[in-house]
Amino acid sequence: MSADVEKLPTGFGRLWTAQTVSSLGDGVSHAALPLLALTVTRNPMTLAVVTAAGTLPWLLFGVLGGALVDRWDRRRTMWVADAARAVLLAIPAAAAVLDMLSIPLLAAVAFLLGLGGLFFDTAATAYLPDLLRRDPALLERANSRLRGAQTAMSGFAGPPLGSALLALGRSVPLLADAVSFMVSALLVRTLPAMPRPVPQAGESLLRQARAGATYVFRDRVLLGLALRPAVGNVAFLAVETVLALFAHDRLGIDTYGFGLLLTAEATGGLVGAGIASYLGRRLGTGTALTCTAAVEGLAILGLAAAPNPYVAGLALAVCGAGMGATMVLAPSLRQAIVPAHLMGRVASTSRMLAMCAAPIGAFLGGWLATTYDIRTPLYAAGGLLLAMTAVTASMTSNRRVEAALRAAAPIGGQDHRTSKDTVQESAPDLL
C-alpha cells in the first residue's frame, strides 16, 4: 500500500474518540470480569461458560447481522448498540451491590454484550471505508490509529484501572464501562451521515446473508484473512480461559499484578499497531501477516514455559505486538478490496468464523487444564498458531494481495464491483 498523503477527515476524529472512550471501559471490564467470576467459582470449566457466552451471538446471528447492517443506517446502528449496552451493564452492577452475582447472570450479560458488539463492530467496519472513500492508505492509517487507541485503552490503561476500581466495590468497574458506552453513543450520533446501502430488490435476508458468505469463501485472500483469526481465537481463548488461574497459581500474581500482566500485552499491541504500516511497506502486506502470525505462536509457547511473572509479561508483550500489527493490516486490506454493498456481510462472515471458534477454544482450555495441567492449554495454543501460519501463508502471499488490490482499484472514480452479479460472477476467484 502506498504512503498516505491526505489528511483523515474530521469525522474520523469523532469516531476515534468514541471508540477510545469505549475501549477504556472495555479494558476495565476485561480485568474485572474474570476476577468477579473467580469470586463465584474456581472451576475452570465453569469459568469457560462465561468466556464462551460472549462469543455465541456471532455463532447464532453473525451472517444475518451482517446482512441487516447492509440494509440499515450504519451510524444509527452503532449508537443504538452502544446505548443498549450501557443500559445492560446496570443489571450486573446492581447484582454485585446486592450480592446476587452468579455464573448464569454473568453468562447472560456476556451474551447480550456480545450481541451488541456484533452490530456495533460490523457497522463500524462497514462505515469506515465510506468515510475514507475506500482509500487503501487512509484505511491503513485510520485502522492503525483505531487499533492503537483500542490497545492502549482496553489493555494498557483499562486493566490496572479495573483492578483498582474493583477494590472500591464490585459494581464500580461495571458502572465505569456503562458510562463509556453512553459517551461513545453520544459521540457516534454526531458523525456525518453516509448513504444507506441500496437494498437488492426481491432478495430475502437469508439470500443476502448467503451471498456475503459465498463471496468470502470464493476469494482466496479473504478466506486466508478469515481463517487466521478463526484458528487464532481457538488458541487465544484457550489461553484467556485459564490465564487468571495460571497467573495466580503458577506465577504468584495477585489481583493488581494480573492487571499489570494484561498491560504488558497491551503495550506490545500498541507497538505492533504503530509499526504495522512500516512492516507492510517493508515486507509486503502478505509477508508481514505471515511473520506476525508466527511471532504470536512463538510468544505463546514462551508464555507457557515462563518461570516467573517477568518472562510471562515479556512473552505477552511480544504476542501483543504480533496481534496489534495483524489487526491493522488485515482489516485495512479487507476494507480496500471488498465492494461497499457487501462490506457488512463480508465483515460479519469473517468475524463470525473467528468468534464461532472462540467457544471451542474456551472449552478446550478448560478441559486441558482440568484433565492435564494448567500450562497444557498454553502449549497447545502455541502449536496451533504455528500450524495455522504454515497453512495460510500461501493464501495471503504478496502476489495474491497485490492482485486483489489491482482488481479492486476504482475505474473513473467508481467502484466497478457494485452490481448484483458481483457475488456470483465477479468475485476474485484465486483458488
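Overview of results
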{"quantity": "In degrees, nearest ten, helix 172-188 long axis to first principal axis of the chain (Cα)", "calculated": "10 degrees"}
{"quantity": "Cα gyration tensor shape for the range 1-155, rounded if a/c is under 1.5, else prolate or oblate", "calculated": "prolate"}
{"quantity": "Pairwise Cα inverse-distance average, inverted: Kirkwood Rh of the range 11-99 (Å)", "calculated": "15.6 Å"}
{"quantity": "Per residue convex hull volume, Cα atoms of the chain, in Å³", "calculated": "122 Å³"}
{"quantity": "Per residue value of the accessible surface for the chain (all protein chains in place, 1.4 Å probe), Å²", "calculated": "40 Å²"}
{"quantity": "Percent of alpha-carbon pairs separated by more than 19 Å within the range 222-287", "calculated": "55 percent"}
{"quantity": "Net +/- balance of residues flanking Phe12 in space, Cβ distance below 10 Å, scoring K and R +1, D and E -1", "calculated": "+4"}
{"quantity": "Segments 303-311, 73-81 sorted - mean Cβ within 10 Å per residue, highest first", "calculated": "73-81, 303-311"}
{"quantity": "Whether the range 270-312 is rounded, prolate or oblate, judged on the alpha carbon gyration tensor where a/c under 1.5 counts as rounded", "calculated": "oblate"}
{"quantity": "Pairwise label distance in nanometres, Ile275 with Leu405, each label 7 Å out on the Cα-Cβ vector", "calculated": "2.1 nm"}
{"quantity": "Peptide ranges 244-253, 177-186 listed from the most packed, as the mean C-beta count within 10 angstrom indicates", "calculated": "177-186, 244-253"}
{"quantity": "Base-10 log of normalised Debye intensity for the range 162-288 (one unit scatterer per alpha-carbon) at q = 0.12, 0.13, 0.19, 0.23 Å⁻¹", "calculated": "-0.94, -1.06, -1.21, -1.25"}
{"quantity": "The range 229-382: radius of gyration and largest Cα-Cα distance (Dmax), Å", "calculated": "16.3, 51"}
{"quantity": "Using alpha-carbon coordinates, inclination of helix 205-218 to the longest axis of the chain, degrees", "calculated": "90 degrees"}
{"quantity": "With Cα atoms, 0 to 90° folded angle of helix 158-168 axis to the chain main axis", "calculated": "40 degrees"}
{"quantity": "Cα pair distances exceeding 17 angstrom across the range 262-343, given as percent", "calculated": "48 percent"}
{"quantity": "Options Leu113, Ala48, Thr17, ranked by Cα towards positive dipole end of the range 1-146, top entry (Cβ charges)", "calculated": "Thr17"}
{"quantity": "Percent carbon-and-sulfur accessible area, the range 71-217, ignoring ligands, DNA and RNA, probe 1.4 Å", "calculated": "68 percent"}
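The values are calculated or read from the model by the stated rules, or taken from the named source; none is laboratory data. All figures in this text were calculated on a predicted structure; none of them were measured in a lab. FYI the Cβ positions are ideal-geometry reconstructions off the backbone, even for glycines, and counts take in every protein chain you see. Note: accessible area is taken over every heavy atom of the protein model, side chains too, but ligands, DNA and RNA are not part of it. Shrake-Rupley method; radii C 1.70, N 1.55, O 1.52, S 1.80 Å.
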